[in-house]
1. Which lysines does Lys143 reach when only Cα atoms under 16 Å apart count, and residues fewer than 8 places away in its own chain are ignored?
2. How much accessible area per residue does segment 98-191 have, in Å², with a 1.4 Å probe?
3. Simple spin-label model, 7 Å along Cα-to-Cβ: Asn7 to Asp88 in nm?
4. Considering only DSSP beta bridges whose two residues both sit in segment 2-238, what percent are antiparallel, to the nearest 5?
5. Need the full-extension length gain, Asp198 to Gln215, defined as separation in residues times 0.36 nm minus the C-alpha distance. One decimal, nm.
6. Please list the radius of gyration and Dmax for the chain, considering alpha-carbon atoms only, with Å as the unit.
7. Hey, what number do you get for the chain at 222 nm if only DSSP H runs of n ≥ 4 count, each worth -39500 (n - 2.57), divided across all residues, to the nearest 500?
8. I'd like to compare 72-85, 238-251, 201-214: which one has the highest average count of other Cβ atoms within 10 Å, and what's the full order after that?
Amino acid sequence: MKALEVNNVSFSYDGKHDAVNQISFDVLKGKHVSIIGHNGSGKSTLAKLILGLLNLNHGEIKVFDEVLSEKSVQKIRQDVGIVFQNPDNQFIGATLEDDLAFGLENRQVPREEMKQIIIEFARKVGMEDFLNSEPANLSGGQKQRAAIAGVLAMKPKLIIFDEATSMLDPSGKKEVKKILLEMKKEIKDLTLLTITHDIEEASLSDEIIVIHQGQIVLKGTPIEVFQHEDKLKEIDLDLPFLIKLKKALAKRDFDVSDANNLEEVAKKICQ
Ligand SMILES: Nc1ncnc2c1ncn2[C@@H]1O[C@H](COP(=O)(O)OP(=O)(O)O)[C@@H](O)[C@H]1O
Ligand SMILES: [Mg+2]
């Protein structure tokens, strides 16, 4: 089953230049797809189109077989969660608990169940000790983890991460990536669309879609996409460090092709 179908979608802010230009792709249910591309390539515009926050000029979007329209947008938004780039723009509550409660109230979850759900989802992202904290006092990584708890509590079937780690420091990035990997393992049939300009992050997904100036320029599994080194360089994207290292070592007759991380590479070289 398809979680998302984007068919020949175009959108322009100014009526002259297309920020999203005839984009088509599908995301199968339960898969993790990454969209990568430089700043200004149209990634956030695409996310906003999928959520119905902007209206398409051309094409069609289907979310779980439902055609996105003015009529269906509210229903579709119940199935789709989004974590945005800026951790500071994700909160409305005075405390983390209030914030999570607010989302659940909107969903008309009975008060008695609310407390339990809040604790359950705060625990999932390791934030249960911060429920009384003011969002402003949390680190960037903690804020994004809390935002993820808020999204998960809504039980979405598709979650979009729009550069959710790009404003975080390295430890914050690590925290959020860890949660993402746990979610993938734990929640059956959850579909993930991660928008990023971090190619290392994209290499964790089942499929990568590379966009440049509003158009798809490459699409495939990470291994397929990383074979197009020249094309990636042309649009200023670089290969992940591990792939570059493997290539450099292969030239020196070290075969580390089956190493999955830097530690395994080091072990093989030291053998
Ligand atoms: N609100 C807006 N009004 C006008 N132009 C916009 C707006 N938001 C984005 N753009 C333009 O649309 C293009 C795509 O932007 P965006 O989707 O934000 O890219 P990305 O998320 O890949 O960085 C860029 O040229 C950007 O300047
Ligand atoms: Mg963006």
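1. Within reach: Lys124, Lys173, Lys174, Lys177, Lys178.
2. Working: 4960 Å² over 94 residues.
For segment 98-191, the solvent-accessible area averages 53 Å² per residue.
3. 4.2 nm
4. Working: 19 of 37 bridges.
Approximately 50 percent, going by the DSSP bridge assignments.
5. On the way: separation 17, 0.36 × 17 = 6.12 nm, distance 1.83 nm.
Result: 4.3 nm gained on full extension.
6. Expressed in Å, the Cα Rg and Dmax of the chain come to 19.8, 64.
7. Details: 11 runs with 106 residues, N = 271.
Mean residue ellipticity at 222 nm (helix-derived): -11500 deg cm²/dmol.
8. Details: 72-85: 17.4, 238-251: 14.6, 201-214: 21.2.
Per-residue Cβ counts within 10 Å, averaged per peptide and sorted highest first, yield 201-214, 72-85, 238-251.
The values are calculated or read from the model by the stated rules, or taken from the named source; none is laboratory data. Every value quoted in this text rests on a predicted model; they were computed, and no experiment measured them. All Cβ positions, even for glycine, are placed from backbone atoms using ideal geometry, and neighbour counts span all protein chains on display. Surface accessibility is based on the protein's heavy atoms, side chains included, excluding ligands, DNA and RNA. Shrake-Rupley method; radii C 1.70, N 1.55, O 1.52, S 1.80 Å.
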